[in-house]
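Let me begin by presenting the structure, written as structure tokens, before commenting on it.
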Amino acid sequence: MLSSLKALNMLLMFLLELAVYAAASLWGFTASDKWPVKLALGIGAPAVLIAVWALFGSPKAPYPLHGGGRVALEVLWFGAGAAALAASGRPGWAAGFAGLFVVNAALRLLWNQ
């Protein structure tokens with residue numbers, strides 16, 4: 001039973017990671033009335049986040065962060081997702097997203113994931 005819950009928690013983390021990209025894209029496409037700016041931010045913001053996660057956060061990252069650096073990365077990363085949701089006019093979604101991240105992080109810490 002516990003192993004199933006741990007697997008679900010890791011699935012939740014993966015889905016939260018994907019949600020950060022979606023939130024950044026949503027923010028980008030709603031940040032301006034001008035199409036070129038919408039396109040640049042809607043594609044550019046997730047692209048920057050993809051690069052950061054690939055370099056420092058993914059399981060096969062060439063420069064993986066540990067300890068306090070990893071905590072800072074995750075807080076900034078998932079905080080960016082929540083901020084993007086709030087900035088795009090969805091404060092309830094932002095609060096829910098942040099809450100899910102906190103629960104997920106607490107369980108990963110508790111279960112040494």
Could you please give the count of residues in the range 2-47 that are assigned to a loop (DSSP other than H, G, I, E, B) and in contact (Cβ under 8 Å) with a residue 12 or more places away in the chain?
1
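Here is a yes/no grid of residues against (1) farther than 18 Å from V103 by Cβ; (2) out of contact with any helix residue (DSSP H, G or I) (no Cβ under 7 Å at 6 or more places or on another chain); (3) surrounded by 13 or more Cβ atoms within 10 Å (Cβ to Cβ):
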residue: S3; (1), (2), (3): yes, yes, no
residue: N9; (1), (2), (3): no, no, yes
residue: G28; (1), (2), (3): yes, no, yes
residue: D33; (1), (2), (3): yes, yes, no
residue: V48; (1), (2), (3): yes, yes, no
residue: A54; (1), (2), (3): yes, yes, yes
residue: W77; (1), (2), (3): no, no, yes
Just to be sure I understand, how many residues within the range 1-35 are more than 18 Å from the chain's Cα centre (by Cα) and acidic (D, E)?
1
Considering each residue of the range 11-26, count those that are among the small types (G, A, S) and either closer than 16 Å to N112 by Cα or exposed (fewer than 15 other Cβ atoms within 10 Å of the Cβ) (or both), and give that number.
1
Run down A95, A61 and say which single residue is surrounded by 13 or more Cβ atoms within 10 Å (Cβ to Cβ) and either at positive phi or part of a loop (DSSP other than H, G, I, E, B) (or both).
A61
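Bear in mind these aren't lab numbers, they're just calculated from the coordinates by the rules spelled out. Predicted model only: the values in this text are computed from it and were never measured. All Cβ positions, glycine included, derive from the backbone under ideal geometry; neighbour counts span all protein chains shown.
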